[in-house]
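Below: the structure, in structure tokens.
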Amino acid sequence: MASEFAPCSEAQKTAVLERLADIRQKIADACRASGRTEQDITLMAVTKTVSPELINLAVDHGVTVLGENRVQEFLSKRDSYRANAEVQFIGHLQTNKVKQIIDKVTLIHSVDSLHLAEAISKAAVQQGIVMPVLLEVNIGGEASKSGVAPDMLPQLLDAVRQFPGIRTDGLMTIPPPMTEESEQLRVFTEMRALFDRLRQDVPMHTLSMGMSGDYAAAIRCGATVVRIGSALFGARAYPPKSEG
Ligand SMILES: *Cc1c(COP(=O)(O)O)cnc(C)c1O
């Protein structure tokens, strides 16, 4: 419910626009450093805990792709979003919630099991659509993280390709927090190599990697989508009752 959110102050809005200008500059710099162009990079605004008012401010300033983590939060906010906003799902998705979002998002970044791919396939076929997805890779090998292990990725890709109503457009990763740039470059280069290897057999064009702390390095390593939350909207304040 949008009413959970207090109206934003002018100072908050100014801060978002300043951060947006800064992010665009850093994206431009990373593109220049790696011989890429800014048109090749999608800047996604990650919306969790952020008020629709601030989200719409970003949309009005050209950030039209929104990343949603939580089904309930998304459903409660989406009626407040600008009509030209394009929503993609980036959070962990339970199979029983697929039906609630299948007709409301343009890309699901977080497919990491056959079970989830099958649920998406069924729901998409029912809707008469083809749902583009990314396979989420657990590049850091962290036990606590979702995502498929790199060595299981070719198998998952092959299996998902057999399902109707679903198309794999690329890969996504959430690496461990990395402060050292050299570490960021190493991990993102590894992702890029995985992506390039699979692309020899399967046409894929989307590499979703890079968040607030590491998007410049991700772009230098070939990211086509960077998912940015706190660097744009400020530190997240989680409400006392957080919903799935
Ligand atoms: C929260 C989140 C982000 C954005 O994180 P920041 O560090 O705030 O930019 C990106 N991707 C996913 C999957 C997220 O859950």
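The values are calculated or read from the model by the stated rules, or taken from the named source; none is laboratory data. All values reported here derive from a predicted model rather than from experimental measurement. All Cβ positions, even for glycine, are placed from backbone atoms using ideal geometry, and neighbour counts span all protein chains on display. Ligands, DNA and RNA are stripped out before the accessible areas are found, and what is left, the full protein with its side chains, is counted by its heavy atoms. Shrake-Rupley method; radii C 1.70, N 1.55, O 1.52, S 1.80 Å.
General observations
- 10 °C / 1.306 mPa s Stokes-Einstein diffusion coefficient of the chain, Kirkwood radius on C-alpha pairs, µm²/s: 86
- Whole-angstrom gap from region 97-133 to region 1-77, using each part's C-alpha centre: 24
- Size of region 127-244 from its Cα atoms: along the principal axes, largest to smallest, the extents are 41, 37, 26 Å.
- Taken over region 124-191, the convex hull of the Cα atoms encloses 100 Å³ per residue.
- 3J(HN,Hα) along region 42-58, derived from phi through the Karplus expression 6.51 cos²θ - 1.76 cosθ + 1.60 where θ = phi - 60°, amounts to 9, 8, 9, 8, 8, 9, 4, 6, 8, 6, x, 4, 6, 4, 5, 4, 5 Hz, with x in place of Gly and Pro.
- With every protein chain in place, region 99-149: carbon and sulfur % of accessible area (1.4 Å): 52
- Note that the chain presents 47 Å² accessible area per residue, ligands and nucleic acids not counted, probe 1.4 Å.
- Around Pro164: net Lys/Arg minus Asp/Glu count, Cβ-Cβ under 12 Å: +2
- All other residues whose Cβ lies under 14 angstrom from that of Leu114 are scored, Lys and Arg at +1 and Asp and Glu at -1, for a net of -2.
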